[in-house]
Amino acid sequence: MKKRRVLLLGGSGYLGAQIYDCLRQDGENEVLATCFSAGQASDLIRLDVTDEPSFVQLLQEFSPDVVIWAVMSSTNEQAMIKSGISTMLAHLREESKVIYISSDGIFGQGTGAFAEEDEVVPLDERNPLAPYSHAKQMGEELVQKRHGNHVIARIGPIYGCNSAGKWDKRVASMQTELVAGREITRPGNLYKTFVHVEDLGLSICELAAGAFTGTLHLGPSAKESYYSFFRKLAAALGLDFNLIKENRLSEEEARERGIPLDTSLDTRLASRLLRTRFRQA
């Protein structure tokens, strides 16, 4: 039986490594994963998605049935998406599926919980994450307009220890401070839909194998404030959650900083796949 050829772009990242591990456990997949820098992983292919000749050669030689865009750049997201996705869509077979991993950051205004059909309004320019938000929106638009066989998966903050033993930066920072006995503050009126990295990896793999196309919000059914979420997580990890103190952002302060107080996602379609859980691995 012919295997499903899956090209994972960004296989060395925090989420990408989890997706890669999940894909390889499915015997029906033939997986090729990329990384940006040499030496990140011995079994990954080095690729800069903005290098058009190299990217085109890879697409033509591997001829993937599914491409998963899990690439992320903290400094060059917009240029990377504009160049890389344009190249990918221009040289990908029409029947191939594209899974584009997007973000709740595309909803920069409103009161949540946002549904798939809600209007996208990027973050205010004053927010330091605005360039990332705008880039993600641009990527969505390119995929929607130019490739019918696609899945756009929007996600909130990812947490947990991935299959490579790496924690997300938020939890790693919390652990460092609490172990040292230092108090930290988290806002009690800033709401998100936090998703565990293992659950998200499994869901992306299910989307790669399934027939669903369109836009999907992935996450647990309930939203959490940063304060309540981190207290629960600290307790589950055996840390002193009483060191976590609540602060609150006023509406005026939030507007001045370009921060929406609620960017939680309506995840009713995906709630059967995902759940909020607190554990070490």
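The values are calculated or read from the model by the stated rules, or taken from the named source; none is laboratory data. Just so it is clear, the model here is predicted, and its values are computed rather than measured. A quick note on method: Cβ atoms are made from the backbone with ideal geometry, for glycine too, and the neighbour counts reach across all protein chains shown. Protein only, heavy atoms only, side chains kept; ligands, DNA and RNA dropped before computing areas. Shrake-Rupley method; radii C 1.70, N 1.55, O 1.52, S 1.80 Å.
Cross-link check: pairs K136/K245; K166/K192; K145/K166 evaluated at a Cα-Cα cut-off of 25 Å; pairs beyond the cut-off: K136/K245; K145/K166.
Cross-link partners of K2 among aspartates and glutamates, defined as those whose alpha carbon lies under 17 angstrom from its own and excluding same-chain residues fewer than eight positions apart: D26, E28, E30, E61, D65, E95.
Remark on V98: its backbone amide H falls under 5 Å from those of V67, H150, V151, a criterion applied only to residues 5 or more positions apart or on other chains, H modelled at 1.01 Å from N. Here the sum of -39500 (n - 2.57) over DSSP H runs of 4 or more residues, divided by the residues of the chain, equals -10500 deg cm²/dmol at 222 nm, to the nearest 500.
Mind running the shape call on the range 1-95? Use the C-alpha gyration tensor, a ≥ b ≥ c as the square roots of the eigenvalues: rounded below 1.5 for a/c, prolate if a/b tops b/c, oblate otherwise. Note, shape of the range 1-95 comes out oblate.
Between A115 and E256, 0.36 nm times their residue separation minus their Cα-Cα distance comes to what? Could the numbers behind the result be given before it?
Details: separation 141, 0.36 × 141 = 50.76 nm, distance 2.58 nm.
My answer for the length gained is 48.2 nm.
Using only the Cα atoms of the range 188-277, build the gyration tensor, take square roots of its eigenvalues as a ≥ b ≥ c, and label the shape rounded, prolate or oblate: rounded if a/c is under 1.5, else prolate if a/b is larger than b/c, else oblate. In terms of gyration-tensor shape, oblate. At a Cβ-Cβ separation cutoff of 4.7 angstrom, cysteine residues of the chain with no neighbouring cysteine are C35, C161.
Is the shape of the range 75-154 rounded, prolate or oblate, going by the alpha carbon gyration tensor and its root eigenvalues a ≥ b ≥ c, with a/c under 1.5 for rounded and a/b larger than b/c for prolate?
Working: a/c = 3.02, a/b = 1.48, b/c = 2.04.
Oblate, since a/c reaches 1.5 and b/c is not below a/b.
Distance between the pseudo-spin-label points of T176 and E141 (7 Å out from Cα toward the beta carbon): 3.7 nm.
Taking the protein heavy atoms of the range 125-174 in the context of the full set of protein chains, the accessible area attributed to carbon and sulfur is 54 percent at 1.4 Å. Size descriptor for the chain, Kirkwood hydrodynamic radius: 19.6 Å (Cα pairs only, one decimal).
A simple rule links phi to the HN-Hα coupling: the Karplus curve 6.51 cos²θ - 1.76 cosθ + 1.60 with θ = phi - 60°, which for the range 94-110 gives 4, 7, 5, 8, 10, 10, 9, 8, 10, 9, 5, x, 6, 9, x, 9, x Hz, with x for Gly and Pro.
Label sites at H91 and A211, each approximated as a point 7 angstrom past Cα along Cα to Cβ, lie 3.2 nm apart. The residues of the range 203-274 expose, per residue, 48 Å² of accessible area to a 1.4 Å probe. Solvent exposure of the range 111-173, expressed per residue, is 48 Å² of accessible area, with all protein chains present and a 1.4 angstrom probe.
How charged is the neighbourhood of R257? Take every other residue with its Cβ under 13 Å from the Cβ of R257, and add Lys/Arg as +1 and Asp/Glu as -1. Net local charge, R257 excluded: -4.
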